[in-house]
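The values are calculated or read from the model by the stated rules, or taken from the named source; none is laboratory data. These numbers come from a predicted model, not from an experiment. Because the Cβ atoms are built from the backbone with ideal geometry, glycine has one as well, and the counts that use them run over all protein chains shown. All accessible areas refer to the heavy atoms of the entire protein, side chains included, with ligands and DNA or RNA removed. Shrake-Rupley method; radii C 1.70, N 1.55, O 1.52, S 1.80 Å.
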Amino acid sequence: MDPVPPAHSLRRTPIQQRSADRLARILDACAELLDETGYENLSTRTVALRAGVPIGSVYRFFGNKRAMAIALAHRNLDRYVDGIADRLDDLPATHWRPVVDAVLDEYLAMKRSVPGFALVDFGVPAPPAGDAEGDPNRQVAVRLTELLSAHLGLTPDATLERAVLVAVEATDALIQLAFRTDPAGDPGIVTETRAMMHAYLARVLD
């Protein structure tokens, strides 16, 4: 069963398995249509048709397409964190560079395989200005700081969280460049991104 998006992003939180399955179908349809039509042409009606549910089922969970995209972004972030955690199960806690590599590799895997991820990864297009709490990269940084701290036995303090946030912002920009250059992610730019992450985070992780 897919993780259910946070309650604050939904009009109604599914309780029964049938409702949770319907919500998952709606979000799957949303992701597929993002790839096919883009965010501007996305609509709740087309999502309902693709998901095979009544339009009322979509509105039971979401007030508009933006709320639906936000829920998809939350689901993507949960999947990302879960994917990293699975990778970390096979890595020792004695060396941080393979851990950082796992963080990047999971992101690249999702960029290449997850429907809708190119437009809605961990946040919606054009988030409100000044909304620090809703800033997707800040949310990613908080979750990654928790993961890194738990795996490497670090103290999740403000210094570490700030360093991870800077690394996330820089990596986000470079990976966007890599995928603009090559639909599969330009290998040279990915290599440079990995080197940048290692060099920068060595300041706080060595």
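Taking segment 79-128, which residues are of a type in the set (D, E, K, R), closer than 22 Å to Phe61 by Cα and open to solvent by less than 30 Å² (accessible area, probe 1.4 Å)?
Across segment 79-128, there are no qualifying residues.
Go through segment 155-203 and report how many residues are of a type in the set (D, E, K, R) and touching a residue at least 40 places away in the same chain (Cβ under 8 Å).
Here the count works out to 2.
Among the residues of segment 152-206 satisfying the criterion of being closer than 20 Å to Pro98 by Cα, of a type in the set (Asp, Glu) and more than 20 Å from the chain's Cα centre (by Cα), which is surrounded by the most Cβ atoms within 10 Å (Cβ to Cβ)?
Glu192
Restricting the search to segment 32-50, which residues are among the hydroxyl-bearing types (Ser, Thr, Tyr) and either open to solvent by 90 Å² or more (accessible area, probe 1.4 Å) or touching a residue at least 60 places away in the same chain (Cβ under 8 Å) (or both)?
Tyr39
For segment 59-73, check the following and say yes or no: at least one residue is over 24 Å from Leu23 (Cβ atoms) and open to solvent by less than 10 Å² (accessible area, probe 1.4 Å).
no
Identify, by number, the condition in (1) at pLDDT below 95; (2) surrounded by fewer than 17 Cβ atoms within 10 Å (Cβ to Cβ) that Leu10 doesn't meet.
Failed condition: (2).
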